[in-house]
Structure formats: structure tokens, C-alpha cells
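S.K.: Quick one: structure below, then a few questions.
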Amino acid sequence: KGNIDFNNVTFGYENHSHVLKDINLNVRAGETLALVGPSGAGKSTLCSLIPRFYEIDDGSVTIDGIDIRSMKQQSLRNQIGIVQQDVFLFNGTIRENIAYGRLEASEEEIWDAARAAHLEAMIQALPDGLDTFIGERGLKLSGGQRQRLSIARIFLKNPPILILDEATSALDTETETMIQQALEKLAHNRTTLIIAHRLATIRHADRIVVVTEEGIAEQGRHEELIAAGG
Ligand code: ADP
Ligand code: ADP
């Protein structure tokens, strides 16, 4: 589970010319795919079409052979975990933010997810632990803490597809390493992983796709692209 197909996909934002033109791309179930390329090429846009944040103009996107337009919003989003640069947190406790969408989760499951995302030490240092308020009403979290929290949320949800959209580009090295380790654990659980980044920082990718304004330029393994001088 977690096979994604872009079939002749064309998309432009409202009142703008097309960002993606006639894109064909297959992401195999369980593979780690890195999307690289210059800023503005359309990597983020490509990522956001999978959870259907926007409607495409032409072509189709399918998951396991099913057109995403024929899926219920909830069942589509249940299959996808997405980490973006700006993580969405709502006013509530750490516990509620981790268990978002899975409010029946047990204390043990929440702790397991927090541990996997390297959040344990931070939570233990807070006065009310998991029940500390965050968001506008409470504690301000750093960018790295917010991202690790959103990763904990994904561990709990355990979706077959995980998308990381420039997620670690604004972080310090230590936080980035922690996040990478957490992600490797997730990828190991046979998750389909799509990583979009300006630079090819991901060495564990099974395949690298270069996105440019002209479309998808090259595909190959990391070593092959390095050998080609890319
Ligand atoms: P990348 O992720 O490769 O940096 P993006 O997908 O963010 O590229 O952007 C592709 C193009 O779409 C850029 O020209 C960008 O300015 C434009 N774009 C991105 N988001 C929006 C939006 N919400 N509305 C209009 N244009 C957008
Ligand atoms: P869940 O999949 O857990 O039900 P959502 O689908 O509501 O959650 O949102 C998942 C993530 O996607 C959140 O970080 C949210 O901010 C982000 N998101 C939702 N809609 C959009 C959108 N149109 N553009 C960009 N990000 C979005």
C-alpha cells in the first residue's frame, strides 16, 4: 500500500500560469523518493496535490489505483502524513496536538510516539508534561519542536504515505539529525516517503527526481546523479 501515480498532471494556481505541465511520475509503495530542484520549480506544489490541498486542472493522481478525487477527504488524509515548514498546531495541550485525529489513543501510545520523535526530554521538562498548553494560549515552541511534534502525530497515525516538504531546511543540525533518525524509523516501517528539498541532503533515497520549470528532468539513484555531476 502507498503506490502513487501522477498521470499527465497539469496544475496552476488560480489566475497564474501552469506550475506543473503534463507530469508523469510513479512513486512505488514503500520507496523513499527525493524531489530536488531549484526554488520555485514546483516541488511543494507537487507534494500538496497528493493530499488534495488543491484541485488539478488536467490528468489524475491515484493512490493504489484509486483516483484521489473519488476518495472521501477523511480517508485520503488518513493515508497521508505531511510535514511542512510551517507546522499547524492548535490551541490545546501537547497531548491533544499529538493525538490530533486519534483522540482515543492511550497514554502509552502517545508516549511511544513522543519518544520516537525525540520529544520525551522536552515533555518531561514541562511543568504539566503532556498536559501543558501550547499555541497562542500557552507555551511557545521552537520551529524544531513544532516539527518533532508533528512527527509524533504521524507516528501515532502511522499512515502508508509520508511527505516531507522542506521540513528540515530551517533547523539547526542537531534537530535535523533527530528528525532524520525519526524519519528513518518511519521509513523502515515500509512507509512510502517523499522528501522535497532544494538540496539532495537525503542519502537514503531509493530514487531522486529533479524538478525544474521544464518538468521532471532526471531520475536516478543518488550515486548515479553524483557520478553524472548532478
Ligand atoms: P518549490 O517547492 O520547488 O520551491 P513551489 O511549488 O513552492 O516550488 O512553487 C512553484 C511556483 O508556484 C512558484 O512560481 C511559486 O511562486 C508559485 N506558487 C506557490 N504557491 C503558490 C500559491 N499559493 N499561489 C500562487 N502561486 C504559488
Ligand atoms: P489530518 O490529516 O491530520 O486530518 P489535515 O489534513 O487537516 O490534518 O492537515 C494536515 C496538515 O496539512 C496540517 O499541517 C495543515 O495545516 C496542512 N494543510 C491543510 N490544508 C492545507 C492547504 N490547503 N495548504 C497547505 N497546507 C494545508
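S.K.: Mind checking which residues of region 116-125 are touching a residue at least 60 places away in the same chain (Cβ under 8 Å) and either in a loop (DSSP other than H, G, I, E, B) or farther than 19 Å from GLU184 by Cβ (or both)?
M.R.: ALA117, HIS118
S.K.: From the set of residues in region 92-110 that are in contact (Cβ under 8 Å) with a residue 24 or more places away in the chain and more than 14 Å from ligand 2 (Cβ to nearest atom), which is surrounded by the fewest Cβ atoms within 10 Å (Cβ to Cβ)?
M.R.: GLU109
Okay, residues lined up against (1) among the aliphatic types (A, V, I, L, M); (2) within 16 Å of ligand 1 (Cβ to nearest atom):
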{"site": "ARG52", "(1), (2)": "no, yes"}
{"site": "THR62", "(1), (2)": "no, no"}
{"site": "SER75", "(1), (2)": "no, no"}
{"site": "ILE80", "(1), (2)": "yes, no"}
{"site": "LEU89", "(1), (2)": "yes, no"}
{"site": "ALA99", "(1), (2)": "yes, no"}
{"site": "GLU104", "(1), (2)": "no, no"}
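S.K.: What's the total number of residues in region 126-182 that are open to solvent by 20 Å² or more (accessible area, probe 1.4 Å) and either closer than 28 Å to SER39 by Cα or in a helix (DSSP H, G or I) (or both)?
M.R.: Residues that pass the stated criteria total 23.
S.K.: Determine whether ALA29 is more than 15 Å from ligand 1 (Cβ to nearest atom), touching a Ser or Thr at 6+ places or on another chain (Cβ under 7 Å) and of a type in the set (A, V, I, L, M, F, W, C).
M.R.: In short, yes.
S.K.: Condition first: of a type in the set (Ser, Thr, Tyr) and open to solvent by 40 Å² or more (accessible area, probe 1.4 Å). Now tell me which residues in region 1-28 satisfy that.
M.R.: Listed by number, the residues that qualify are TYR13, SER17.
S.K.: Also, I was wondering about something else. Could you grab me the full set of residues in region 78-91 that are among the hydrophobic types (A, V, I, L, M, F, W, C) and surrounded by fewer than 16 Cβ atoms within 10 Å (Cβ to Cβ)?
M.R.: The answer is PHE88, PHE90.
S.K.: Identify all residues within region 183-196 that are in contact (Cβ under 8 Å) with a residue 24 or more places away in the chain, closer than 17 Å to ARG148 by Cβ and open to solvent by 40 Å² or more (accessible area, probe 1.4 Å); write none if there are none.
M.R.: Across region 183-196, the qualifying residue is only LYS185.
S.K.: I'm told SER70 meets every condition in (1) hydroxyl-bearing (Ser, Thr, Tyr); (2) within 16 Å of ligand 1 (Cβ to nearest atom); (3) over 17 Å from GLY215 (Cβ atoms) except one. Can you identify the failing condition by its number?
M.R.: (2)
S.K.: Cβ-Cβ under 8 Å, sequence separation 6+ or interchain: first residue in region 50-76 and closer than 21 Å to ALA29 by Cβ and β-branched (Val, Ile, Thr), partner within 14 Å of ligand 1 (Cβ to nearest atom) and not in a strand (DSSP E or B). Which pairs?
M.R.: VAL61/LEU49; VAL61/ILE50; ILE63/ILE50; ILE68/ILE50
The values are calculated or read from the model by the stated rules, or taken from the named source; none is laboratory data. Bear in mind the structure is a predicted one, so any value in this text is a computation, not a measurement. Please note: Cβ atoms are built from the backbone with ideal geometry, for glycine as well, and neighbour counts cover all protein chains shown. Heads up: the accessible areas ignore ligands, DNA and RNA and are worked out on the full protein's heavy atoms, side chains in. Shrake-Rupley method; radii C 1.70, N 1.55, O 1.52, S 1.80 Å.
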